[in-house]
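The values are calculated or read from the model by the stated rules, or taken from the named source; none is laboratory data. Worth saying up front: this structure is predicted, and the values here are computed from it rather than measured. Cβ: placed from backbone, ideal geometry, glycine included. Neighbour counts: every protein chain shown.
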Amino acid sequence: MAGESAQFGLRQRPPTPATRSFELPPRLQPMLDRAKAGLAEPFRGVNASERRPAGLFRLQKTGVSLAALSEAARTFLARLPARERQAACFAIDDEAWRMWSNIHPWLMRHGVCLADLGGDAREAALALMRVSLSAAGYETARNVMRLNHHALEITGKPDEYSEWFYWVSIFGTPSADGPWGWQIDGHHLNLNCLVLGDQLVLTPQFMGSEPVLARFGKYQGTRVFAAEEEAGHALMRVLSPEERMRATIGTDLPSELLTAAFNDNRRIEPAGLRYPELPPEGRERLEALLATYIGRLRPGHAEIRYAEVKRHLDDTHFAWIGHFDDASPFYYRVLSPVILVEFDHQSGIVFDNDTPSRDHIHTVVRTPNGNDYGKDLLRQHYARHDHGHRHAAR
């Protein structure tokens, strides 16, 4: 398959706040039309049934302070010139939340681009990401960005790939008690973080890379998603042949994750093996797999999230697509009422391979049943005290 750049005929520099509008290449227009169609639907959230279970998410005090996040966000905004600060800020309920996109052509980008910022402002943006994630989560996110530079080294296309072609947005006003959030949006890295008091929701969370290992260049040796790949494979490895057959729901890998960009309302039927149907070691492996993804969150809130997920283990399904051996590409997902994880080996964009390989990986973490972007918590918050919440930081 030809690279996306050739597919879309795209050669423009990424849009900056001053030059964000440009004419779309003809082959990109259908993708934009599909994106707009998805965004036109009122948000309901990823779900497995028509009826959303009640009481899954609760407004509550966690006892784990998020003051460092609000301080980091205020520092970031303070380091932006007035024009960039205006471009970075959105109302808490702005639809820009849902306009993130993994593809590297400049589709629906908003906020401020790290490539356009001075060193102090760029470091402040990274600091916001750093205090929101664990050390391992931050390193994975930064390595995704570094490998996007490696994609430039492979392709020689500086107008399409860069370590700094990522857009940062702030939603609402960073504070200790009111709701606010931040987003980073770009090729293979899309993080959405909602803060409400001391509660934290960090989904949708899309991370990917092609390649997953830099074999030369500035970041030679950098690798991502080895743990995520091994965790899924290790779970299948401890299953009996009959259990593997029951977990396997197909052999042809999806061309994209089911809940990638513009799929906020995707309906996914539970499939594969339920947690209680797994052998004891399989249950341990599934818990370890979930911990790998949840461990991307900052300490304290990772433990809170893991406890939430564990309460629903009996309603958690593990499904696999593809062959099971030491070399074949594969897809897996874990679905519960409160978390969805997807992992997929993809075909080539940077490399010219038409079939999936283990050198191109996409992952996504979602909060099903309406709490992506923390929307269910926001709904409850404004049901208690609606003060007219469309303000944005300035």
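The set of residues from the stretch 179-205 being touching a His at 6+ places or on another chain (Cβ under 7 Å) and either surrounded by 24 or more Cβ atoms within 10 Å (Cβ to Cβ) or within 23 Å of residue 342 (Cβ to Cβ) (or both) comprises 187, 200.
Does the stretch 268-277 contain any residue that is over 15 Å from residue 340 (Cα atoms) and either buried (at least 21 other Cβ atoms within 10 Å of the Cβ) or touching a Ser or Thr at 6+ places or on another chain (Cβ under 8 Å) (or both)? No, that holds for no residue. The single residue among 123, 84 that is within 16 Å of residue 164 (Cβ to Cβ), in the same structural domain as residue 209 (by TED's automatic domain parsing) and touching a residue at least 60 places away in the same chain (Cβ under 8 Å) turns out to be 84.
For residue 129, indicate whether it is under 23 Å from residue 288 (Cα atoms), hydrophobic (A, V, I, L, M, F, W, C) and not assigned by TED's automatic domain parsing to the domain that holds residue 345. When the stated conditions are applied, residue 129 does not pass them. Identify the residue in the stretch 234-251 that is part of a loop (DSSP other than H, G, I, E, B) and of a type in the set (Ser, Thr, Tyr) and, among all such residues, is nearest to the chain's Cα centre (by Cα). Filtering the stretch 234-251 for residues that are part of a loop (DSSP other than H, G, I, E, B) and of a type in the set (Ser, Thr, Tyr), the one nearest to the chain's Cα centre (by Cα) comes out as 251.
When residue 45 is tested against the conditions (1) part of a loop (DSSP other than H, G, I, E, B); (2) out of contact with any Gly (no Cβ under 7 Å at 6 or more places or on another chain), the lone failure is (2).
Scanning the stretch 97-117 for residues that are at pLDDT below 95 and of a type in the set (Gly, Ala, Ser) gives a single hit, 101.
For the stretch 318-344, the tally of residues that are assigned to a strand (DSSP E or B) and either buried (at least 22 other Cβ atoms within 10 Å of the Cβ) or at positive phi (or both) stands at 14.
Identify the residue in the stretch 359-376 that is assigned to a strand (DSSP E or B) and either without any contact (Cβ under 8 Å) to a residue 40 or more places away in the chain or not hydroxyl-bearing (Ser, Thr, Tyr) (or both) and, among all such residues, is surrounded by the fewest Cβ atoms within 10 Å (Cβ to Cβ). The residue in question is 362.
Does residue 214 satisfy the criteria of being surrounded by fewer than 16 Cβ atoms within 10 Å (Cβ to Cβ) and either more than 28 Å from residue 353 (Cβ to Cβ) or modelled with pLDDT of 95 or more (or both)? It is false that residue 214 is surrounded by fewer than 16 Cβ atoms within 10 Å (Cβ to Cβ) and either more than 28 Å from residue 353 (Cβ to Cβ) or modelled with pLDDT of 95 or more (or both).
Could you please let me know if residue 163 is surrounded by fewer than 22 Cβ atoms within 10 Å (Cβ to Cβ), more than 23 Å from residue 223 (Cβ to Cβ) and not polar (S, T, N, Q)? In short, no. From the list 302, 231, 291, the lone residue that is assigned to a helix (DSSP H, G or I), of a type in the set (A, V, I, L, M, F, W, C), closer than 16 Å to residue 345 by Cα and not assigned by TED's automatic domain parsing to the domain that holds residue 189 is 231.
Picking from residues in the stretch 106-126 that are of a type in the set (A, V, I, L, M) and assigned to a loop (DSSP other than H, G, I, E, B), the one that is surrounded by the most Cβ atoms within 10 Å (Cβ to Cβ) is 117. The residue list 184, 170 contains one member that is within 17 Å of residue 125 (Cα to Cα), at pLDDT 95 or above and under 12 Å from the mean Cα position of the chain (by Cα), which is 184. Checking every residue in the stretch 146-157 against the condition of being among the polar types (S, T, N, Q) and either closer than 24 Å to residue 257 by Cα or not in a helix (DSSP H, G or I) (or both) gives at least one match.
When 296, 244 are checked against the criterion of being outside the structural domain of residue 136 (by TED's automatic domain parsing), basic (Lys, Arg), surrounded by 14 or more Cβ atoms within 10 Å (Cβ to Cβ) and under 30 Å from residue 35 (Cβ atoms), 296 stands alone in meeting it. Here residue 161 passes the criteria (1) part of a helix (DSSP H, G or I); (2) under 20 Å from the mean Cα position of the chain (by Cα) except the one numbered (1). Candidates 253, 258: the one that is touching a Ser or Thr at 6+ places or on another chain (Cβ under 9 Å) and surrounded by 14 or more Cβ atoms within 10 Å (Cβ to Cβ) is 253.
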